[in-house]
Amino acid sequence: DQQVKQNSPSLSVQEGRISILNCDYTNSMFDYFLWYKKYPAEGPTFLISISSIKDKNEDGRFTVFLNKSAKHLSLHIVPSQPGDSAVYFCAASANQFYFGTGTSLTVIP
Amino acid sequence: EAGVAQSPRYKIIEKRQSVAFWCNPISGHATLYWYQQILGQGPKLLIQFQNNGVVDDSQLPKDRFSAERLKGVDSTLKIQPAKLEDSAVYLCASSPWSLGEVYEQYFGPGTRLTVT
């Protein structure tokens, strides 16, 4: 049973525009959410996180929004850069971490 | 600061053979994780250690998989015997630990296992 879902396997965005990656979850016990970025042949690297007591967290070009009532979170990247091209995983924590299946972002120069 | 080290990076074995993976976490990180990532899926937790004790191994196929964390530092994950469906990338991650806190995980580069 997939508790964390990323329904868009891929996304293409023009350089300079906004990238929006989405993630849905089913378990209301999740209390901490993270986004990871993964380049080919490397392990995932941490990008940004948000606690369930907040609805927004910002770090430079990256903002994560959490809508607990909808069990939905999103990652906004503004402006998008070619170096942002990677696979993005969302993860949720309730004693252990559960990962989504990833969204492959391509930023077109 | 050195990252999480894993070896080997790639391994090809035949089904029914045995294989072992090694992980060296970031110095001082009390928590160590092993994940299995099958192509097209997200990482799935196999086992989590707190120092040298097991916190969660509920998704570890214990009939064929085993893991240990010697002296609370390095860890090895073993598969014996391997099946075709074990083909995946095995990721090791580590994080600090303190009571009541949630920390992001630092991942190693992974070991890509192919079982033929």
*When only residues in the range B:80-108 that are within 22 Å of B:Gln41 (Cβ to Cβ) and of a type in the set (A, V, I, L, M) count, which is nearest to the other protein chains (Cβ to nearest Cβ)?*
B:Leu91
_Every residue from the range A:36-70 that is touching an Asp or Glu at 6+ places or on another chain (Cβ under 9 Å) and not in a strand (DSSP E or B)_ = A:Ser52, A:Ile53, A:Arg61, A:Lys68, A:Ala70
*Quick check: is even one residue across the range B:109-116 crowded, with 21+ Cβ neighbours inside 10 Å and either polar (S, T, N, Q) or at the interface with chain A (Cβ under 10 Å from one of its Cβ atoms) (or both)?*
yes
_Extreme residue, nearest to the chain's Cα centre (by Cα), among residues of the range B:76-116 that are under 25 Å from B:Glu14 (Cβ atoms) and among the hydroxyl-bearing types (Ser, Thr, Tyr)_ = B:Tyr90
*Would it be correct to say that B:Asp57 is within 12 Å of chain A (Cβ to nearest Cβ) and touching a strand residue (DSSP E or B) at 6+ places or on another chain (Cβ under 8 Å)?*
yes
*Could you say which residue among B:Leu77, B:Leu45 is more than 12 Å from every other protein chain (Cβ to nearest Cβ) and either crowded, with 17+ Cβ neighbours inside 10 Å or in contact with a Gly (Cβ under 9 Å, 6 or more places away or on another chain) (or both)?*
B:Leu77
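Read the figures in this text as sums done on the coordinates, not as results from a lab. Everything numeric in this text was worked out from a predicted model, so none of it was measured. Note: ideal-geometry Cβ built from the backbone for every residue, glycine included; neighbour counts use all protein chains shown.
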